Every structure is written in C-alpha cells, then in structure tokens.
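Each remark here refers to the structure printed beneath this line.
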Amino acid sequence: MAPSSSTPMSLEGRKPQAAPARIAVGIDDHPSGMDAAVLGSAIAAAGADLLLVSVHPDPLVVMPGSMSWKGLHTQARDHLAEVRDAHAPRAGLLVETDTSVARGLERAMRGERRDLLVVGSSPRARDGHVGIGKRSRQLLGHASSPLAIAPRGLRERPGFAIKRIGVGYDGGPESAAALELAAAMAQALGAGLTVRLAVDDRIPVPGWSKLSEAALSGWPEAVAGEVKAMQARLADATAHCGAPAKGEVVTGRPADALAALCDEIDLLVIGARRWGPISRLIVGSTGEAMLHEATCPLLLVPRPPEPAKQSSGSEPAK
C-alpha cells in the first residue's frame, strides 16, 4: 500500500468492471460455509444470481460399510439445501466431485460462468476475523475472478447487509481495478464508499552514515510532500470512479490503516500486488496482512490485464 509518485491510475483499453452478477459460494461442512452463504447473499442483494457449491471427494474404492458416491452426493446436496433455507433462500445448488476442493470450485466457476467466488474463513481463524485456510490458499494465484472471504462468525450477525464499502488504494492500476469494482458494487447495493490511501511514514533504517543522517533529516518534509501528492491523486480517482466516494489519506503502516477502516465498513476491497500473472490473485504484504487482520468481509480483486497497446499507424506489408 505504500504509494509512490510513479504511474497514475490508468485502466484505459479495458472493459469497465460491473458489479458481480453471477456469484458462486463455496460451502463445506464447517460453520464457515454458513458465513460464506451470508456474505454471498448480502453481495447478491442487488439481484445477482447466487449459486451454492459443494465439492465432495469421489471414493476411489468403496469399502463395505462406507458411503458410496451416490450417498456422498445426496449428503452434500442435503447440506446445501439446509444452508440455503437458513441463509440464502434464493440460491441455486450445485454439487461437484473432485479430490481437490479448490479445483472443483474453479471448475464450477468456469462451467457456470461465475464472476465472483465467496468462501468462508478457516475454522482456526479468530472469531470475527478473516483467516484464510488451506483450501482458500490454494485458490490464490489460480483464481481469475474476484474472491470474497467472510470473517468467522458472520452467520451470527442477523440481518447483515453491505451498507458501507471500503477500498484500499495506492494509485496503481491494481488498486484502481479494486476501486472500479467497489464503486460498481456501491452503486448496485446503494452503499456508501470510502477510499483510503496510506502514506507509509515509518522511518527507513539505512546504515547510520553521515549521508543517511542528512537524508533522514528531510524525512518529515518528504512525507508531507507525498501526502499532498497523494491527496491530489486520490481526489482525481474518487471523482471519476463512478460512484459518490469519500477519499482519505492517512499516514502509517498501510495494513494498520486498512485494519482500522474495517471497523467502519461492511466490506473491504483490495487489489492484487503489482507483479505476478495477469488476472490472478497474488497478494502483497498488505493483502497478506488483511488475510489475517481484517475484521470485516474481504474482497480480493485480480491484477487487471495490461492496457491495449496503440498501433504505430503503419500497416504491415501484404
């Protein structure tokens, strides 16, 4: 999240993002599956199509007394129906079979043409916090669509709705994609939108030479200049994001700034890091921190495709 005064926000040449219209929710036999259903239902409140998906293993060898494939399938579908009736009455149901839950969910996303996947936190997560589990971790780096993670215990918040959306922004194209999606969702859900940019003012620790001491003496001025530059950049971004938005520039550790924002919002949206495969969820240090520190639902947006290159104007010889 530490911003730099390099490349400004630019997503030209790419189709603008819209609010998710076809949502899949990964449901397992842990209570976290119900947390995911609550979050998925809240995101789909604007009229999106919602699908609850369960993945069960295909028994390679059926032993006497063990459950058959048909029995596992029926059990999974019955559980989906219970979760639907309790937390997502309008949702459809789908049961997939695979030895890998992550792979089964990815196949369901492709086959059903879903544009958002919602999962729950690890059973080991702290109550009220997002905590990524092994299966969700497997989705990172492979998912080509946004991934939303419900904090542990969300099911215990009756009437949960998304009324306030927050975005972590740093001026780069990855955070611009997150802002674009958040703005579309805010418009669809009638939610408020807060965009927070953190300027990391922590003093670096170089070698204690006379040169570094001279550089550090100007650190407060450098931070003040960066804050001013980021205020202008954020004002421009919020003015053109497509929804009324409140922009905030704060100083400090970016992860701390976003963790504090979680107390004020119902959904935090952040982008992937600036390197790694295009259209994939590769999180940086701030995103990794939010995977454990966020106290509200978290939505991760994949790295956007590169802008289309302009042609030079010359045509190839025929």
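Below is a table of values for the structure above.
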item: Residue 77 being among the charged types (D, E, K, R), at pLDDT 85 or above and out of contact with any Gly (no Cβ under 8 Å at 6 or more places or on another chain); result: yes
item: Candidates 83, 95 - the one that is in a helix (DSSP H, G or I), among the β-branched types (Val, Ile, Thr) and either more than 17 Å from residue 33 (Cβ to Cβ) or touching a helix residue (DSSP H, G or I) at 6+ places or on another chain (Cβ under 8 Å) (or both); result: 83
item: Identity of the residue in segment 264-318, within 21 Å of residue 184 (Cα to Cα), among the aliphatic types (A, V, I, L, M) and part of a loop (DSSP other than H, G, I, E, B), that ends up modelled with the lowest pLDDT; result: 281
item: Which listed residue is modelled with pLDDT of 95 or more and either closer than 24 Å to residue 52 by Cα or touching a Leu at 6+ places or on another chain (Cβ under 9 Å) (or both), from 125, 198, 176, 186; result: 186
item: Failed item, numbered, when residue 216 is tested on (1) outside any helix (DSSP H, G or I); (2) modelled with pLDDT under 95; result: (1)
item: Selected residue [modelled with pLDDT under 95, buried (at least 16 other Cβ atoms within 10 Å of the Cβ) and either of a type outside the set (Gly, Ala, Ser) or out of contact with any Cys (no Cβ under 8 Å at 6 or more places or on another chain) (or both)] from 32, 10; result: 32
item: Hey, residue 223 modelled with pLDDT of 85 or more, buried (at least 16 other Cβ atoms within 10 Å of the Cβ), hydrophobic (A, V, I, L, M, F, W, C) and farther than 23 Å from residue 192 by Cβ or not; result: yes
item: Residue, surrounded by the fewest Cβ atoms within 10 Å (Cβ to Cβ), within segment 50-68, restricted to residues that are modelled with pLDDT under 75 and within 38 Å of the chain's Cα centre (by Cα); result: 60
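The values are calculated or read from the model by the stated rules, or taken from the named source; none is laboratory data. As the structure is a prediction and not an experimental result, all values here were calculated from the model. FYI the Cβ positions are ideal-geometry reconstructions off the backbone, even for glycines, and counts take in every protein chain you see.
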